[in-house]
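For reference, the structure is listed below as structure tokens.
Read-outs: derived from the displayed coordinates by stated rules, not from any lab. What you are looking at is a predicted structure, and each value in this text was computed from that prediction instead of being measured. Note that each Cβ is placed from the backbone with ideal geometry, even for glycine, and that neighbours are counted across all protein chains shown.
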Amino acid sequence: MYLVAGVVVAVVMLSTNNGLVALADRGGDEKVVSADQRAQVDVTALLTAARGAPPIICALAAQSLRNYGWGDWSDAPSTPLSFVALHREHDFGPEALPPADVERLLEALATDDPCVREISVRLLGRQKGENVVNGLMTRLTSSAPALREVAALGLGFMRSPRTIDPLIRALRDAAPGVRANSAWALGRLESGKALAPIRDLFRDDVEKVREAAVIASGRMDDSTSSIPALIRVVRQDNSPQVRRAAAWALGQLESHQAVDALVGVLTQDSDARVREMAAWALGQVESRTATAGLATAARRDADDRVRETATWALAQIEDRSTVDVLGNIAASDKSSRVRGTAAWALGQMRGGKAPAGLLQVLRDENDDARLKAAWALGQIGDATAIPAIRTALQRETSSEVRRALIRALLRSGERSQATLTDLLNSGDPQVREAAVRGLAGNNSFNPWPWPWPRPRPIP
């Protein structure tokens, strides 16, 4: 056991419990972990690890599975874990720990138990004291590779400018984990001084080192000098994960210089996740020279995620020459997510004539796709679409979509007293509210939830 801020943190040495936090974390935050990664969680192993674990360890695991927003795991009235076990957020907060506890945690970094090392370095990473920075820098020069590796990780959490030079030296460490963690830490520090040595790691023999270095360069605002090297990586690296990271970095840097390379990757790379990231990067750059390549990918790529992200990217560029392409995608793509995103993309274009494909989405089997189509028609404001919107409103079963359709009617110029009177007599209070707003001349209300597309790949 380790005493931390006066609270007993029971560290389970049995192998069945050592992996609990790590296993839970693999299936945690939906905003960060991809669907593919979530599918890989071994539920049997997770439940086996959880059985008999101390409540404090379970509480740590539960933090990685929190649901976000009001009413998440920490303030629910009654959960399987006791109230006392869950309401210990202050125990893991940023408050300064007593020196004796800091020293215990630093010593624990040398243990051979990965669970102890993981918890210790993360608790240390929440501290701001110079004693923690000094302790971690001392361990960065240890003879033990595992200790140097976790020390670099801790220094990344600390983000102290004093650590830049030691971390740059650690980029040449013999242990791949130390090189990778040092690159990651320097990326968090965003030090231009580290750019050249980080770029040297783009050719490292170990995949995770190259990936960490590429991502670190993408986090540095002044790393435009790295763009030629990143282009080489996105085109030539033999690891899909590294190529994907390079595409992300080029998107983060909004590099117009990389547009041709990214279009080539989008249309030719064998890995769907690399193509998806290339599409996202092109949406970040917002260059019209990418329009043709994105349109091709949005129509023809075999992977739903690639088509959806390419469609989203076309909306970011706002090139009206793609309206017909987007209309066809909205009407005919096999994926409801792609159809919905195409409808949303047409709304981003604003004005003009609503394409027939968008009107067709008003009959889509998917509620979200219909919501986005109705919202888009409100953005476009095409009076010729009013009959189709009226018809859709008569058969619509979703109150959210009906509200969006009313908004679309009003924004398209519908001023028929008979239509508004019918809406006022609706049995749906949301429809009546929308009608009242319309009669009052207020047609600025939006459907809720706001129809926003899903694509946002994370490296």
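Structure data summary
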{"quantity": "Local electrostatic count at residue 288 - Lys and Arg +1, Asp and Glu -1, tallied over other residues with Cβ under 14 Å", "calculated": "-3"}
{"quantity": "Within-14-Å neighbourhood charge of residue 148 [Cβ basis; K, R +1; D, E -1]", "calculated": "+3"}
{"quantity": "Whichever lysines have a C-alpha closer than 24 Å to that of residue 208, once near sequence neighbours (fewer than 8 apart) are set aside", "calculated": "31, 193"}
{"quantity": "Charge dipole magnitude, Cβ of K and R +1, D and E -1 - region 212-333, Cα centre, debye nearest 20", "calculated": "260 debye"}
{"quantity": "Phi to ³J(HN,Hα) by Karplus 6.51 cos²θ - 1.76 cosθ + 1.60 over region 250-257, Hz, x for Gly, Pro", "calculated": "5, x, 4, 7, 6, 7, 5, 4"}
{"quantity": "26 Å Cα-Cα reach of residue 353 towards lysines, excluding residues that sit fewer than 8 places from it in its own chain", "calculated": "334, 372"}
{"quantity": "Segment residue 122-residue 174, length gained on full extension (0.36 nm per residue, minus Cα span)", "calculated": "16.3 nm"}
{"quantity": "Residue-by-residue Karplus 3J(HN,Hα) for region 135-144, coefficients 6.51, -1.76, 1.60, Hz, glycine and proline x", "calculated": "x, 6, 5, 4, 6, 5, 9, 5, 7, 8"}
{"quantity": "Burial order of peptide ranges 239-245, 416-422, 451-457 (average beta-carbon count within 10 Å, highest first)", "calculated": "239-245, 451-457, 416-422"}
